[in-house]
Amino acid sequence: MKILSINAGSSSLKFSLINMENESVIANGVFERIGIDGQYTIKFNGEKYTEEVTLKDHNDAVNILLEKLINLNIVKSLDEIDGVGHRVVQGKDLFDKSVIVDDEVMKKLDSIKHFAPLHNPANMLGIEAFKKALPNVPNTVVFDTAFHQTMSKETFLYPVPYDWYQKYGIRKYGAHGTSHRYINETMTKILNTNKFKLISCHIGNGASITAIKDGKCVDTSMGFTPLAGVMMGTRSGDVDPSILPPVMEAENKNIDQIINDLNKHSGILGLSGISSDMRDLTEAYNKSDEKAILTMRKYARRITDYIAQYYVLLGGADAIVFTAGIGENSFIVRKLVCDNLKCLGVELDDDKNSNCHGQAKISTKNSKVQVYVIPTDEELMIARDTLELIK
Ligand code: AMP
């Protein structure tokens with residue numbers, strides 16, 4: 001069984017072709033600059049193929065992808081593709097799990113597209129393109145928000161006028177659900193039980209922390225949009241909304257511009273003035289740059305705040321997992337966070353933490369909470385869901 005896992009953006013389309021017999025990636029790559037000019041990169045068998053091509057729209061990207069799968073001998077026939085799984089950012093409360101695409105699903109997606117205007121319409125373009133190019137192959141949709149649908153009303157409501165929720169759907173939806181679910185599945189295998197309390201820290205350029213009890217999301221740090229929660233590469237995370245009017249007035253900005261500042265010019269980039277990239281920040285931190293030290297400490301502090309909150313919410317934690325670009329690679333961030341958690345009995349094994357590559361347990365034997373690093377794999381999760389649905 002071979003499944004295509006697709007992540008379509010407004011001007012890009014990423015794909016992974018996965019062999020589900022052993023869950024290995026056969027080929028992957030990206031089509032970029034769709035609607036501008038166009039180029040693709042495909043990785044297969046240790047080779048990298050790059051070419052500039054005309055990509056007027058997502059249909060062009062999908063047609064060329066399918067052509068290349070044959071021409072590069074990645075598959076002998078397109079009949080080998082058993083299903084196509086699509087990442088969709090926002091499923092609102094209409095979707096609490098992955099589903100097979102049909103007309104009803106497309107209608108529902110259309111009705112909620114304005115909740116993620118930068119992502120959902122692009123995700124839908126990807127689905128439409130595959131429906132056209134491979135009409136006999138089932139498509140599925142896998143939502144970033146679905147895993148978080150188990151949050152209670154007490155958790156997902158904001159303390160604002162109740163009719164904002166009723167009239168406008170204002171509530172917490174969360175994101176990165178596919179990644180947090182993957183981490184939960186992996187921990188289920190490691191701990192050999194599905195009854196545990198887990199705090200999953202997906203910290204990459206975007207970042208969210210999720211509290212999981214017995215496999216179900218109890219709370220998550222992102223909110224109505226991914227702007228909420230911990231500070232991120234360029235996003236502020238939670239701030240007092242009253243800071244906006246004085247800056248808007250002083251800088252003559254409208255609401256879109258100031259929200260853009262919170263999304264694109266804040267977080268690690270905004271506070272440090274150095275970069276949004278943790279590698280650059282770490283370099284400056286190692287040279288004792290004052291702003292880098294301040295930013296790194298604030299970053300670790302925001303993550304700690306959420307872990308501590310969820311520790312109390314869950315009534316303790318069996319495990320804390322770090323994942324995504326920073327969680328998987330920055331031993332300094334992991335160390336700063338875990339040092340903040342010493343009062344909870346979290347004890348990091350410094351050697352294991354510094355020398356960790358890939359999946360590893362990095363806490364000591366005596367640590368009251370087990371700490372792990374687990375590389376996330378959202379593409380595989382999408383393919384697993386697709387396989388399950390089409391079986
Ligand atoms: P992601 O969004 O999951 O791709 O993560 C991107 C973030 O991971 C960026 O801030 C990168 O700087 C960070 N990252 C990747 N590799 C490393 C590394 N070796 N050390 C520190 N940060 C890293």
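The values are calculated or read from the model by the stated rules, or taken from the named source; none is laboratory data. Values in this document were obtained by computation on a predicted structure and should not be read as measured data. FYI the Cβ positions are ideal-geometry reconstructions off the backbone, even for glycines, and counts take in every protein chain you see. Quick note on the areas: whole protein, heavy atoms, side chains included, nothing else; ligands and nucleic acids left out. Shrake-Rupley method; radii C 1.70, N 1.55, O 1.52, S 1.80 Å.
Every pair of different Cα atoms in the range 93-250 enters the Kirkwood calculation, which places the hydrodynamic radius at 17.4 Å. In this calculation the C-beta distance from Ile36 to Thr193 is compared with R0 = 41 Å, giving a FRET efficiency of 0.25. Phi-derived couplings, Karplus 6.51 cos²θ - 1.76 cosθ + 1.60 at θ = phi - 60°, listed residue by residue for the range 231-241: 6, 10, x, 10, 9, 6, x, 4, 9, 6, x Hz, with x used for Gly and Pro. Our summary of shape: the Cα atoms of the range 109-177 have principal axis extents of 46, 21, 16 Å, ordered from largest down, in whole angstrom. Taking square-rooted eigenvalues a ≥ b ≥ c of the alpha carbon gyration tensor, is the range 1-152 rounded, prolate or oblate, where a/c under 1.5 means rounded and, failing that, a/b exceeding b/c means prolate? Note, shape of the range 1-152 comes out prolate. Across the range 377-391, computed HN-Hα scalar couplings (Karplus, 6.51 cos²θ - 1.76 cosθ + 1.60, θ = phi - 60°) run 8, 5, 4, 5, 4, 4, 5, 4, 4, 5, 4, 4, 6, 8, 4 Hz from first to last residue, x flagging Gly and Pro. Taking Cα atoms, how many degrees apart are the long axis of helix 290-314 and the longest axis of the chain, rounded to 10 and kept between 0 and 90? Here the helix axis deviates by roughly 90 degrees. When each of the peptides 300-312, 280-292 is scored by how many other beta carbons lie within 10 Å of its residues on average, the order from highest to lowest is 300-312, 280-292. For the listed peptides 332-344, 254-266, 212-224, a ranking on the average number of other beta carbons within 10 Å per residue, highest first, reads 212-224, 332-344, 254-266.
For Glu104 and Gln359, the FRET efficiency from 1/(1 + (r/R0)^6), where r spans their Cβ atoms and R0 equals 45 Å, is about 0.70. Each part gets one Cα centre, and for the range 99-153 versus the range 265-322 those centres are 33 Å apart. First check a/c for the range 183-300, with a ≥ b ≥ c the square roots of the eigenvalues of its C-alpha gyration tensor; if it is under 1.5, answer rounded, and if not, answer prolate when a/b is larger than b/c or oblate otherwise. Taking the square roots of the gyration eigenvalues as a ≥ b ≥ c, the range 183-300 is oblate.
Ignoring lysines fewer than eight residues from Lys113 along the same chain, the ones with Cα atoms less than 18 angstrom from its Cα are Lys92, Lys97, Lys167, Lys172. Once both labels are positioned 7 Å from their Cα atoms along Cα-to-Cβ, the gap between Leu157 and Ile170 label points is 1.4 nm.
Averaged over residues, the count of other Cβ atoms within 10 Å places the peptides 31-39, 173-181 in the sequence 173-181, 31-39, highest first. The fraction of accessible area contributed by carbon and sulfur in the range 299-339 is 53 percent, rounded to a whole number (1.4 Å probe; ligands and nucleic acids excluded). Model label sites at Asn45 and Ile259, defined 7 Å from Cα along the beta-carbon direction, differ in position by 4.8 nm.
If you plug the beta carbon distance of Asp93 and Lys287 into 1/(1 + (r/R0)^6) with R0 = 30 Å, you get a FRET efficiency near 0.05. The gain in end-to-end length when the Gln309 to Ser24 segment is fully stretched comes to 98.9 nm, 0.36 nm per residue minus the alpha carbon separation. Checking the Cα-Cα distances for Lys197/Lys335; Lys361/Lys391; Lys14/Lys216; Lys43/Lys213; Lys14/Lys153; Lys287/Lys361 against a 32 Å cut-off, the pairs over it are Lys361/Lys391; Lys43/Lys213; Lys14/Lys153. Across the range 137-201, Cα pairs under 8 Å and at least six residues apart give a relative contact order of 36 percent. In this Cβ point-charge picture (+1 for Lys and Arg, -1 for Asp and Glu), the chain has a dipole of about 860 debye about its Cα centre.
Pairing the Cα long axis of helix 120-133 with the longest principal axis of the chain, what angle in degrees results, from 0 to 90 and rounded to the nearest 10? Approximately 20 degrees, to the nearest ten. The alpha carbon convex hull volume per residue for the chain rounds to 162 Å³.
Ligands, DNA and RNA are left out, and with a 1.4 angstrom probe the accessible area of the range 268-391 is 49 Å² per residue. Taking every DSSP helix (H) stretch of at least 4 residues in the chain, weighting each as -39,500 (n - 2.57) and dividing the sum by the residue count yields a mean residue ellipticity at 222 nm of -12000 deg cm²/dmol. Coupling constants for the range 96-102 follow from the phi torsions by the Karplus curve (6.51 cos²θ - 1.76 cosθ + 1.60, θ = phi - 60°), and in residue order they are 10, 7, 6, 9, 6, 6, 9 Hz; glycine and proline get x.
The long axis of helix 255-264 is offset from the longest Cα principal axis of the chain by roughly 80 degrees. Look at the alpha carbon pairs under 8 Å that are at least 6 residues apart: their mean separation over the length of the chain gives a relative contact order of 14 percent. In terms of its C-alpha gyration tensor, the range 30-97 comes out oblate, because a/c is 1.5 or above while a/b does not outweigh b/c.
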